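The values are calculated or read from the model by the stated rules, or taken from the named source; none is laboratory data. Remember, it's a predicted structure, so these values are computed and weren't measured experimentally. Every residue, glycine among them, receives a Cβ derived from its backbone with ideal geometry; neighbour counts consider all protein chains shown. Quick note on the areas: whole protein, heavy atoms, side chains included, nothing else; ligands and nucleic acids left out. Shrake-Rupley method; radii C 1.70, N 1.55, O 1.52, S 1.80 Å.
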Amino acid sequence: MKVALLMGSDSDLPRLEPCLALLRELGIESEARVLSAHRTPAAVVRFVEEARGRGIGVLICAAGGAAHLAGVVSAHTDLPVLGIPIDNPPLGGLDSLLSTVQMPGGVPVGTLGVGVGGPVNAAILAARILALGDPELAQRVARYRTTQSEKVLAKDRALQSKLAP
Ligand code: RP5
């Protein structure tokens, strides 16, 4: 199954490159689209209604400001929807965080963090969701976690030897 990454503007793309890169690294096919809940509402609905039929299993939606993209997408599908609040000026992402996370009951959006962790965690969470039905992907996801742990422990060893008397 594929992941679709929707972003409200092409100005969001630089912050989302790590999400696309990690999906690639995990061997997950993805689509990335610039579609806006406010500027292209009809195209958003069309995309979401056709998503399942095109093999998309998880929708990741990123937007800044009055970020309604993830909520609108969730209103039109039963697929899992993850929201990435983009940290734009002047409010630094608090606006998009609240717009994305404060969904009314019955219309869920799994909201990720503001800042560099959000896009990366969206990719990992999407991978974990798809891995429930894909044992080979589950192995790659597990390997990612092990590798991450090894990297941190290697840094710790480097620090210990630097600090050693
Ligand atoms: C949001 O408004 C977009 O997701 C973007 O984060 C922000 C600014 O968009 P542009 O004016 O750069 O197109 O809808």
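Overview of results
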read-out	value
Local electrostatic count, residue 5, Cβ distance below 12 Å [Lys/Arg +1, Asp/Glu -1]	0
For the range 7-21 versus the range 43-61, the gap between their alpha-carbon centres in whole angstrom	18 Å
For the chain, the spread of Cα positions along each principal axis, largest first, Å	64, 42, 29
Environment charge of residue 138, counting only residues whose C-beta is closer than 13 Å and scoring Lys/Arg +1, Asp/Glu -1	+2
Angle in degrees between helix 117-131 and the longest Cα principal axis of the chain, rounded to the nearest 10	80 degrees
Aspartates and glutamates whose Cα lies under 20 Å from that of residue 151, excluding same-chain neighbours fewer than 8 positions away	25
Protein-only accessible surface order, largest first, of 120, 152 at 1.4 Å	152, 120
Nonlocal amide H pairs with residue 5, under 5 Å, H built at 1.01 Å	31, 32, 33, 60
Amide H partners (placed H, <5 Å) of residue 64, local residues excluded	8, 86
The range 73-165 - Rg over Rh from alpha carbon coordinates, Kirkwood radius	1.13
Solvent accessible area, Å² - residue 146, 1.4 Å probe, full protein context	70 Å²
Accessible area of residue 30 in the full protein assembly, 1.4 Å probe (Å², nearest 10)	50 Å²
